[in-house]
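Q: Before anything else, here's the structure in question.
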Amino acid sequence: MTTPSDRADRSSPRPVTRRTALASLGAVLAGSSAGCLGQSGPSSDRIRWRRQIRGTPRLDDGTLYVMGRLTLYALSPGDGSTQWTTEYSEGDFDERLCLQSDIALDERRIYVPGCDGLRALGRSGGEQRWVVDSPLRQGVGVGDGRVYANADDLLAVKSDTGEIAWRADTGGDRLTTPAATADGVVFTNRVDGVVTAFDGDGERRWQHRTDTETRSPTVAGDTVYVATSTEPGRSGRLLALDRSDGTVRWGVETPSPKRGTRPVVGDDVVYLGCSGRDHGTLVALDRSDGGERWSFTDENSTVYEPAVTADAVYAGSNDNHVYAFSRSGEPRWQLETNSVVGTVVAGADFLYAANNERLFAIERA
C-alpha cells in the first residue's frame, strides 16, 4: 500500500475569454474580470487537494475509486488520502495499457475491464473475487446482480460468482459500453449504429438501426437515450427510444457527440458533451421533446460528459478548464487546470476532475 503525499494547488486564474451559444452568457463573459465569471469565481483556494493519479474517478458510499495505469486507488474524498491500493505489474499483461480506467461499481465489488478479461475486486480492500478470462472491448454495465460486458459476445456475468449466465452473438467488434437495467441490458454497435435490447434471460427484446456512428446509450425511466454522430466533428443527433419496444419518441439535431461519452439525464433535461472542428459544445435538451434549453461553447474542440447535481452542472473541456453552471445554464465559475479535463464526478462538497496529469478535488460552492 502506498500513500503519495497530498499537495495544495496554486493555479493562477486567467482572464475569461470563453464563448457560449447563449446571448445572456456571452454578455456575462464580456463583462467579467480576470479569473472569474461575474462577481465571484475560482481562485487557488478552490482546489482543496490534488493527487498525481490519472484515471476516471468513481465516487460511491464515502470512497473515491480511480483506476490508474497499473494501480487501483481507493481514496478518502475529503482529503485525498489513500484507504488502500491494488497494484499490478507490466508483466501481468501481454499488452501495454491493458487495464481500462472506466471501472464500474455495485454495493460489494469493483469491476475492472481489461484486454485480458474482467476482474471483480472487493470494495473493502481491493482483494480479487473472480476473473472472467475473455478480452473486453469496452467498459461494463452493472445492474440487478449482473455485469454486462462486450467481449467476442455480449456476456451477462453473475456478479457474486463470475459465472456467465448467458452470452449473445452481437455481430460486431466495435461495441460501446452497455447500459444495464434491473431487467436487462441495452447496448450499441458504434460503427453500424445498431441499438439492441436484451431481456434478463438473454432473449432479444428489440433492435433499432440508426445507420450512423453511435455512442454508448443511457437508460432513464422508460426511455433509452442514444447519441449519434452523423458527421464526426460537425453534426450529430440525439434519439429518445421507448425502452419497451425501441420505437422513436423523438430525435433532434445536435453537434457531434464525443466518442466515449454518453447522454447524462437529469430530472427533466438531457445533457450531451460534444466535439467540433473549432469548438466543443455542451447542450441541455428537454427530456419530453428534445427542445434545447441552453448550450455552452468552449474555445477548443471538446466538452466532455458532464456531472449533474440538484442545483448545478459541471463539465471538463479540451481547453484545460472545468466549468460550473446553474441547472438553467447561468455561469457560476471556471477553473484552469493546465491540461485537458475529461469526465468529472460531483460529491456533496467537492467536484472531482482528472486531467492528463492529476486528480483534483474542487470546492463546488
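Q: Only Cα pairs under 8 Å and at least 6 apart count here; give the relative contact order of the stretch 177-234 as a rounded whole percent.
A: Numbers: 120 pairs, mean separation 16.6, N = 58.
With pairs under 8 Å counted, the relative contact order is 29 percent.
Q: How large is the dipole of the stretch 90-198 about the Cα centre if only Lys and Arg carry +1 and Asp and Glu carry -1, each at its Cβ, rounded to the nearest 20 debye?
A: Working: 12 positive and 19 negative charges, 58 e Å.
Computed about the Cα centre, the dipole is about 280 debye.
Q: Here's something else I'd like to know. When the accessible area of the chain is computed with all protein chains present and a 1.4 Å probe, what percentage of it is carbon and sulfur?
A: On the way: 6080 of 15070 Å².
Solvent-exposed carbon and sulfur of the chain make up 40 percent of the total.
Q: Semi-axes of the equivalent ellipsoid for the stretch 54-100, please: Cα gyration tensor eigenvalues, times 5, square-rooted, ordered largest first, whole Å. Mind dumping the intermediate values first?
A: Values: eigenvalues 107, 20, 10 Å².
Over the Cα atoms of the stretch 54-100, the semi-axes work out to 23, 10, 7 Å.
Q: Per-residue ellipticity at 222 nm for the chain, helices alone: DSSP H runs ≥ 4 residues times -39500 (n - 2.57), over residue total, nearest 500 deg cm²/dmol?
A: Values: 1 runs with 8 residues, N = 365.
For the chain, the value works out to -500 deg cm²/dmol.
Q: Excluding ligands, DNA and RNA, what is the solvent-accessible area per residue of the chain at a probe of 1.4 Å, expressed in Å²?
A: Values: 15070 Å² over 365 residues.
Averaged over the residues of the chain, the accessible area is 41 Å².
Q: Return, ordered by residue number, the residues of the stretch 62-96 whose backbone nitrogen is under 18 Å from a label point located 7 Å along Cα→Cβ of ALA365.
A: From the stretch 62-96, the list is 78-79.
Q: Can I ask one more? What are the extents of the Cα atoms of the chain along their three principal axes, in Å, largest first?
A: Extents along the principal axes: 58, 50, 32 Å.
Q: With 10 Å bins from zero, work out the P(r) of the stretch 217-365 over every alpha carbon pair and list the percent per bin.
A: Pair shares across the bins are 12, 43, 34, 10, 1.
Q: Scan around GLY117 for amide H atoms under 5 Å from its own, H built in the peptide plane at 1.01 Å from N, and keep only partners 5 or more places away or cross-chain.
A: Here SER134, LEU136 satisfy the definition.
Q: Give the long-range amide H neighbours of GLY68: residues separated by 5 or more places, or on another chain, with amide H under 5 Å away, using H modelled in the peptide plane at 1.01 Å from N.
A: Sorted by chain and number, the residues that satisfy this are TYR73.
Q: Another one. Contour minus end-to-end for GLU203 and ASP222, with contour as 0.36 nm per residue of separation and end-to-end as the Cα-Cα distance? List each step's numbers first, then the result.
A: Working: separation 19, 0.36 × 19 = 6.84 nm, distance 1.88 nm.
Gain in length upon complete extension: 5.0 nm.
Q: Still on this structure, I have one more. Whole-Å semi-axes of the stretch 146-300's equivalent ellipsoid, largest first, each the root of 5 times a Cα gyration tensor eigenvalue?
A: Details: eigenvalues 153, 53, 37 Å².
Gyration-tensor ellipsoid for the stretch 146-300: 28, 16, 14 Å.
Q: Convert each backbone phi in the stretch 142-157 into a coupling constant with the Karplus relation 6.51 cos²θ - 1.76 cosθ + 1.60 (shift: θ = phi - 60°), then list the ³J(HN,Hα) values in order as whole Hz, x for Gly and Pro.
A: Values per residue, Gly and Pro as x: 10, x, 6, x, 9, 10, 10, 9, 8, 10, 5, 10, 7, 9, 10, 10 Hz.
Q: With unit charges on the beta carbon (Lys/Arg positive, Asp/Glu negative), name the residue among TYR148, LEU99, TRP130 whose Cα is farthest towards the positive pole of the charge dipole of the stretch 90-198.
A: So the residue we want is TYR148.
Q: Right, another one. Can you classify the stretch 191-266 as rounded, prolate or oblate using the Cα gyration tensor, where a ≥ b ≥ c are the square roots of its eigenvalues, rounded means a/c under 1.5, and otherwise it's prolate if a/b beats b/c and oblate if not? Write down the numbers at each step before the final one.
A: Details: a/c = 1.94, a/b = 1.63, b/c = 1.19.
Prolate, because a/c is 1.5 or more and a/b exceeds b/c.
Q: Further question: Picking from ALA361, GLN334, VAL308, whose Cα lies most toward the positive end of the charge dipole for the stretch 291-365 (charges on Cβ: Lys, Arg +1; Asp, Glu -1)?
A: Looking along the dipole axis, the top candidate is VAL308.
Q: On to the next question. Would you work out which of GLY114, THR196, THR181 lies farthest towards the positive end of the dipole of the stretch 90-198? Charges go on Cβ: Lys and Arg +1, Asp and Glu -1.
A: Going by the Cα projections, it comes out as THR181.
Q: Trypsin sites (Lys or Arg not before Pro) within the stretch 219-308: which are DSSP loop residues with at most 11 other Cβ atoms inside 10 Å?
A: Numbers: sites: ARG234, ARG237, ARG243, ARG249, LYS258, ARG259, ARG277, ARG287, ARG293; in loops: ARG234, ARG243, LYS258, ARG259, ARG277, ARG287.
Of the trypsin sites (Lys or Arg not before Pro), the ones in loops of the stretch 219-308 whose Cβ has at most 11 other Cβ atoms within 10 Å are ARG277.
Q: Okay, moving on. Please state the relative contact order of the stretch 90-198 as a whole percent: Cα pairs under 8 Å, 6+ residues apart?
A: Details: 244 pairs, mean separation 17.3, N = 109.
Relative CO of the stretch 90-198 lands at 16 percent.
Q: Using unit Cβ charges (K, R positive; D, E negative) and no other charged atoms, how large, in debye to the nearest 20, is the dipole of the chain about its Cα centre? Please report the intermediate quantities before stating the final value.
A: Working: 42 positive and 52 negative charges, 198 e Å.
The dipole of the chain has a size of about 960 debye.
Q: Also: Pull out the extension gain between VAL131 and THR230, defined as 0.36 nm times the separation in residues minus the alpha carbon to alpha carbon distance; nm, one decimal. Intermediate values should be presented prior to the final figure.
A: Numbers: separation 99, 0.36 × 99 = 35.64 nm, distance 3.76 nm.
Difference between extended and current length: 31.9 nm.
Q: Just to check I understand the Karplus step: with θ = phi - 60° and J = 6.51 cos²θ - 1.76 cosθ + 1.60, what whole-Hz values come out for the stretch 203-217, glycine and proline as x?
A: Karplus values, whole Hz, x for Gly and Pro: 6, 5, 8, 6, 9, 10, 9, 8, 6, 7, 5, 10, 10, 5, x.
Q: Something else: Please give the charge dipole size of the stretch 209-365, origin at the Cα centre, charges +1 on K and R Cβ atoms and -1 on D and E Cβ atoms. Round to the nearest 20 debye. Please report the intermediate quantities before stating the final value.
A: Working: 16 positive and 23 negative charges, 67 e Å.
Charge dipole of the stretch 209-365: 320 debye, to the nearest 20.
Q: In µm²/s, what is D for the stretch 90-198 at 10 °C and 1.306 mPa s, where D = kT/(6 pi eta Rh) by Stokes-Einstein and Rh is the Kirkwood radius from Cα pairs?
A: This corresponds to a translational diffusion coefficient of 114 µm²/s.
Q: If you don't mind, there's one more thing I want to ask. Could you compute the FRET efficiency for ASP289 and ASP160, with r as their C-beta to C-beta distance and R0 at 35 Å, rounded to 0.05?
A: On the way: r = 41 Å, r/R0 = 1.18.
Using R0 = 35 Å, I get an efficiency of 0.25.
Q: What nm distance separates the two modelled labels at GLU299 and ASP61, each placed 7 Å from Cα along Cα→Cβ?
A: About 4.4 nm separates the two model spin labels.
Q: Let me ask something else about it. With r as the distance between the Cβ atoms of ASP278 and THR247 and R0 = 30 Å, compute the FRET efficiency 1/(1 + (r/R0)^6) and round to 0.05. If you can, show how the numbers build up before the last one.
A: Working: r = 36 Å, r/R0 = 1.19.
The calculated FRET efficiency here is 0.25.
Q: Also, quick follow-up: All other residues with a Cβ under 11 Å from the Cβ of VAL345 taken together, and with Lys, Arg as +1 and Asp, Glu as -1, what is their net charge? Walk me through the numbers before you get to the answer.
A: Values: positive: ARG58; negative: ASP60, GLU305.
My count for the surroundings of VAL345 gives -1.
Q: Using only alpha carbon pairs under 8 Å that are at least six residues apart, calculate the relative contact order of the chain and give it in whole percent. The partial results should precede the final answer.
A: Numbers: 1023 pairs, mean separation 45.7, N = 365.
Value for the chain: 13 percent.
The values are calculated or read from the model by the stated rules, or taken from the named source; none is laboratory data. In this text, all values refer to a predicted model and were calculated from it rather than measured experimentally. Note that we place each Cβ from the backbone using ideal geometry, even for glycine, and neighbour counts take in every protein chain shown. Each accessible area value is taken on the protein alone, full model and side chains, heavy atoms only, with ligands, DNA and RNA left out. Shrake-Rupley method; radii C 1.70, N 1.55, O 1.52, S 1.80 Å.
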